[in-house]
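Note sheet for the following structure.
The values are calculated or read from the model by the stated rules, or taken from the named source; none is laboratory data. Because the structure is predicted, anything quoted here is derived from the model rather than measured. As a convention, Cβ positions derive from the backbone with ideal geometry for all residues, glycine included, and neighbour counts pool all protein chains shown. Quick note on the areas: whole protein, heavy atoms, side chains included, nothing else; ligands and nucleic acids left out. Shrake-Rupley method; radii C 1.70, N 1.55, O 1.52, S 1.80 Å.
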Protein chains: 2
Amino acid sequence: MSTDNERTPRGTVRTITDLARIAGVSPGTVSRALAGKSLVNTKTREKIEAIAREHGFRPNQMASGLRRQKTGVIGVVIPLGHDTRQQISDSFFMTLLGYLADELTREGYDLMLRRVVPETDADWLDRFIGSGMIDGVIVIGQSDQFDRIEDVADGYLPMVVWGNHTEGQRHCVVGTDNRLGGRLAAERLIAAGASRLAFLGDTKPMEFAARYAGAQDIAARMGVPIVALPTHLSPDHAGEEIARHLGDHAGNIDGIFAATDTLAALCLTALRERGIAVPDDMRLVGFDDLPIARQTVPPLTTVRQDIAAGARGLVDLLLRRLAGESTESLVLPPNLVIRQSA
Amino acid sequence: MSTDNERTPRGTVRTITDLARIAGVSPGTVSRALAGKSLVNTKTREKIEAIAREHGFRPNQMASGLRRQKTGVIGVVIPLGHDTRQQISDSFFMTLLGYLADELTREGYDLMLRRVVPETDADWLDRFIGSGMIDGVIVIGQSDQFDRIEDVADGYLPMVVWGNHTEGQRHCVVGTDNRLGGRLAAERLIAAGASRLAFLGDTKPMEFAARYAGAQDIAARMGVPIVALPTHLSPDHAGEEIARHLGDHAGNIDGIFAATDTLAALCLTALRERGIAVPDDMRLVGFDDLPIARQTVPPLTTVRQDIAAGARGLVDLLLRRLAGESTESLVLPPNLVIRQSA
DNA sequence: AGGAATCTTGCAAACGTTTGCAAATTTCCC
DNA sequence: GGGAAATTTGCAAACGTTTGCAAGATTCCT
């Protein structure tokens, strides 16, 4: 259609007032015309729209935001609790972020991403919310900031958190039923022949703690032992730590539930190096069902989180809260995906 | 220190004027005090700061942005050219995004992420820039929008693009020397014993085209044939497409240069399924050196891009441009990482 | 044709900061 | 102690939009 935007004097028309002058109307009318309000004459509107198009005019969002007291921007914040370094590049969070971007875009919102280190900045959440730059906030991962989030939740409605659901908590959370996931994983390990289990991963973050607890449920019920092998997530350290664990617990375990597919993949490499056959000598179950789970050798049996559904849930609940509704949390069911590692 | 923010009447003090009233000074003074200007008496400043802290006051960024004509926000936009679906979850871009978030945070900027589909929205770049919401923009990937970006570059300084550098282009770009990378890959394949090469990946995007061109350089010089096996990036289709390619070209090739580690990993799976031994029957080289490259079986030989350095370069150049400087493009050297697939 | 009902428009006051300018206060020096 | 210099404050005008209110223009009806 109008591919003639190369001949326009860019920047001539910067404000709605400039445009109004050219069109011979008042700024108010221009504003209404561009906003598509019904109060303006069709003829006038068309003229204004034409001029706007011709000059490539866009109303200033800052000014608009200030006046309307809303910005059309949703804040997405990733608190880096323990493993400060580059947890943000964690595959799972990044994938979730991708889906979030999709969903928010579809709903007409922009996404402001912020990475915070709560330890050096206790005030991270209030700062973000109080900035006036965002209409609502999505927190990706509770990390070790559960209390801080609870504090804020009482006074600030438009916030939704990705993470673990705890009985009686006050903030609205979307997440997988980690405990159930842990149960599925342990059941599978045992069904595949394991009788001495291990949980590989940091047990302090809530999500992981719940996964471990689920596995413990089953271990207790079936009368098999389970031990936790604490491991950091950062890929540099994780490799060595896993190798060390495998050394320490040599023949004492025959089934590993890894807190994450990423850890599971690293574990698989370490197992191969030690010549331990999977799944014959060692059963291994991961968590997440990231793309990598399909590509390891052998392919990973894992507990699937539906990331797309999670993102949709987060956005959906947030929009409802923006509209004033006070929503319940959403707990998504995990799904055991059986491949060849257990 | 002051952990007493639970007893503060949140929201009592919303504006700088409220705060001024309490402190018994004028709004202007409060503004100056909070901004740390030297023009305000130390005593006064301290009083104001104390009150601000006590009430958890934060100046409204929208208003500030409007007045100062700068927002402290950098836009990061990912144009999804061909493979519309979820290219945004592509590992490489996501990793780069993670590093960008780190760098921008360090420099005190926020990051506004936008995902656009140029085909349905020809105006994507102007819209983002003209929104008044961002001080500058980083474009991740030229996709098929080279011309549009060039158009904008003439009139808008604070823009830096991740992508491929072409002789004489007008926009400032940061990226790996893809052609050289392609050469390294092809050389390695041949050195590892390959004599009939293939390039696996879409050859239309500039970066990939350059990688292919580099491989062709070497193939021509060494007198070996090379064929392109066009493949989409979306992980759902890629798997089948690769399998089909392998079927079609059964015995005709013995060395594959994959445009991406992700593709290489998929290719490895497909090769295993067909019982083709790597590297004995087939040599394989990837590109990027993502974490996955270390974990495949066998581990991938690949051409490394220094993503962290790329992010640093992007931010550094952008800041210089924000300061009015007109910077040159930055081309980073690729590095061949030899593992076991070739 | 006259007046009521309906559409369109303009006016001007917000939204919450920042900042140039000038006034008020303090400090300093002889 | 008197005045100049330096420091600290307040005033008020921006920044660019939106919107309630009222005035002006049209339409419609009898």
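Details
- Peptide A:57-69, shielding by other chains (average Cβ, 10 Å cutoff): 6
- Residue-level accessible surface for B:Arg58, protein heavy atoms, 1.4 Å, Å²: 60 Å²
- What separates the B:Arg221 label point from its copies, with the point 7 Å along Cα to Cβ, is 6.4 nm, written shortest first.
- Chain B, helix-only ellipticity at 222 nm - DSSP H runs n ≥ 4, -39,500 (n - 2.57), divided by all residues, nearest 500: -13500 deg cm²/dmol
- Kirkwood-based shape ratio for chain B, expressed as Rg/Rh from alpha carbons: 1.13
- For peptides B:185-194, B:114-123, sequence by mean Cβ density within 10 Å, most packed first: B:185-194, B:114-123
- With Cα atoms, 0 to 90° folded angle of helix B:91-106 axis to chain B main axis: 30 degrees
- Taking the longest Cα principal axis of chain A as reference, the axis of helix A:307-322 is set at about 50 degrees.
- Only beta bridges with both residues in chain A are counted; by DSSP, about 10 percent of them are antiparallel.
- Positive-end extreme of charge dipole, the stretch A:16-59 - chosen from A:Ile16, A:Ala33, A:Ala50 (charges on Cβ): A:Ala33
- C-alpha long axis of helix B:235-248 to longest principal axis of chain B, angle in °: 10 degrees
- Buried area at the A-B interface (accessible, heavy atoms, 1.4 Å probe, summed, Å²): 4000 Å²
- Overall form of the stretch B:232-342 per C-alpha gyration tensor (a/c, 1.5; a/b vs b/c): prolate
- The peptide list A:286-299, A:318-331, put in order of mean Cβ contacts within 10 Å with the highest first, becomes A:286-299, A:318-331.
- Carbon and sulfur %, accessible surface of the stretch B:178-304 computed with the full protein complex present, 1.4 Å: 52 percent
- Peptide A:296-304 is shielded by partner chain Cβ atoms: per residue, an average of 2 of them sit within 10 Å of its Cβ.
- Contact order for chain B, expressed relative to its length and based on alpha carbon pairs under 8 Å spaced 6+ residues apart, stands at 16 percent.
- Burial here means at least 10 square angstrom less accessible surface with every protein chain in place than with the chain by itself, probed at 1.4 Å; in the stretch B:119-149 the buried residues are B:Asp123, B:Asp126, B:Arg127, B:Gly130, B:Ser131, B:Gly132, B:Met133, B:Arg148.
- Between A:Arg170, A:Arg67, A:Arg272, the GNM of chain A built on Cα springs shorter than 10 angstrom shows A:Arg67 fluctuating the most.
- Solvent-accessible area of B:Tyr212, all protein chains in place: 30 Å² (probe radius 1.4 Å, heavy atoms, ligands and nucleic acids excluded).
- Charging the Cβ of each Asp and Glu at -1 and of each Lys and Arg at +1, and nothing else, the dipole of the stretch B:178-304 about its Cα centre rounds to 360 debye.
- Between the stretch B:18-55 and the stretch A:148-195, the Cα center-to-center distance that results, in Å: 43 Å
- Projected label distance in nm at A:Arg53 and A:Met222, using a 7 Å step from Cα toward the beta-carbon: 6.6 nm
- Residue (of A:Met159, B:Ala213, B:Gly286) at the positive-pole extreme of the protein assembly as shown, dipole from beta-carbon charges: A:Met159
- About the Cα centre, charge dipole magnitude for chain B (Lys/Arg +1, Asp/Glu -1 at Cβ), debye: 1500 debye
- Rounded to the nearest 20, the size of the Cβ-charge dipole of the protein assembly as shown about its Cα centre is 1960 debye, with Lys and Arg at +1 and Asp and Glu at -1.
- Of B:Gly132, B:Gln340, A:Val116, farthest towards positive along the dipole that unit charges on Lys, Arg, Asp, Glu beta carbons give the protein assembly as shown: B:Gly132
- At 1.306 mPa s and 10 °C, Stokes diffusion of the stretch B:178-304 via Kirkwood alpha-carbon radius, µm² per second: 115 µm²/s
- Using every pair of distinct Cα positions in the protein assembly as shown, the Kirkwood expression returns a hydrodynamic radius of 27.5 angstrom.
- Pairwise label distance in nanometres, A:Ile338 with A:Lys43, each label 7 Å out on the Cα-Cβ vector: 7.5 nm
- The stretch B:16-59 has equivalent-ellipsoid semi-axes of 14, 11, 10 Å, by the square roots of 5 times the alpha carbon gyration tensor eigenvalues, sorted largest first.
- Filter on A:Lys70/B:Lys43; B:Lys47/B:Lys70; A:Lys43/B:Lys70 - keep pairs with C-alpha separation over 31 Å: A:Lys70/B:Lys43; A:Lys43/B:Lys70
- Stretched out straight at 0.36 nm per residue, the stretch from A:Ala309 to A:Asp147 would grow longer than its current Cα-Cα span by 55.7 nm.
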